[in-house]
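Read the structure below first, then the notes.
What follows is calculated from the coordinates using simple rules that are stated; it is not laboratory data. In this text the structure is predicted, and so the values were computed from the model without any measurement. Glycine gets a Cβ as well: all are built from the backbone with ideal geometry, and neighbour counts include every protein chain shown.
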């Protein structure tokens, strides 16, 4: 699908992978709307690329519907959706002094990362399904999972479960939406230089990068965005999860 002139939505587009993706889409001529709860950072990111930002809670049905309405009012019907919104809590199944994992924390991970992703997918796709075809397709959806879906580390039970759900739903959702000519792909990034990682001491960043076989460094958000671009442009990419990780396989801790 050609990007130029299309409307696009990027959830979690105020920072990290989402911000780099929003910038890539805008540079390729898309009209970009960022969905992010961090409205100040979102407005700043949107201003940088000449886009729009809407405060949206991806796990809330009414909030997503209102966000899609606002995006469509300004940019027309979006044909590209990139889901980058997510949280990454760290908590052991049984913690210090034998305290069990907080069920609320586990539930929130599922609510934001998995249910939030599906919530935006379903509402976006319902609108695109009624649109005219563009070169044999109607839209493209790219989700964000994580290598934690396959080799989650100690303390990642909630996070890995939520991202594993995103991996598992990729094929059935792609099959569901095939009749509407909407493609669905997922990227599972390894260790990337996101704002959270940037907050680590330099020696910790270096140690994380050294874990990657090749290239032996942290991933760059622009490299995630490059893969999103390739997915959008290649009509045969559908129903699959791509690990973007430099061949890393995470150790237990």
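Quick notes on this structure:
- Within the range 149-192, being closer than 15 Å to residue 125 by Cα, touching a helix residue (DSSP H, G or I) at 6+ places or on another chain (Cβ under 8 Å) and part of a loop (DSSP other than H, G, I, E, B) holds for one residue alone: 180.
- Residue 236 meets each of the listed conditions (1) part of a loop (DSSP other than H, G, I, E, B); (2) touching a strand residue (DSSP E or B) at 6+ places or on another chain (Cβ under 8 Å) apart from (2).
- Filtering the range 113-122 for residues that are over 21 Å from the mean Cα position of the chain (by Cα), in a helix (DSSP H, G or I), at negative phi and surrounded by fewer than 20 Cβ atoms within 10 Å (Cβ to Cβ) leaves an empty set.
- Some residue of the range 197-216 being in a helix (DSSP H, G or I), free of Cβ contacts under 8 Å to residues at least 24 places away in the same chain and under 15 Å from residue 86 (Cβ atoms): yes
- Hey, residue 142 farther than 25 Å from residue 129 by Cα, surrounded by 14 or more Cβ atoms within 10 Å (Cβ to Cβ) and either in contact (Cβ under 8 Å) with a residue 24 or more places away in the chain or touching a helix residue (DSSP H, G or I) at 6+ places or on another chain (Cβ under 8 Å) (or both) or not: no
- The range 222-247 residues that are at positive phi and touching a residue at least 12 places away in the same chain (Cβ under 8 Å), paired with ones that are part of a helix (DSSP H, G or I) and surrounded by fewer than 16 Cβ atoms within 10 Å (Cβ to Cβ) (beta carbon under 7 Å, 6 or more apart): 239/171; 239/175
- Residues that are surrounded by 15 or more Cβ atoms within 10 Å (Cβ to Cβ), within 19 Å of the chain's Cα centre (by Cα) and not in a helix (DSSP H, G or I) are absent from the range 100-107.
- Enumeration of residues in the range 45-69 that are within 25 Å of residue 27 (Cα to Cα), surrounded by fewer than 15 Cβ atoms within 10 Å (Cβ to Cβ) and touching a residue at least 24 places away in the same chain (Cβ under 8 Å): 48, 50
- Set 130, 160: member being surrounded by 14 or more Cβ atoms within 10 Å (Cβ to Cβ), free of Cβ contacts under 8 Å to residues at least 40 places away in the same chain and either under 30 Å from residue 3 (Cα atoms) or under 15 Å from the mean Cα position of the chain (by Cα) (or both): 160
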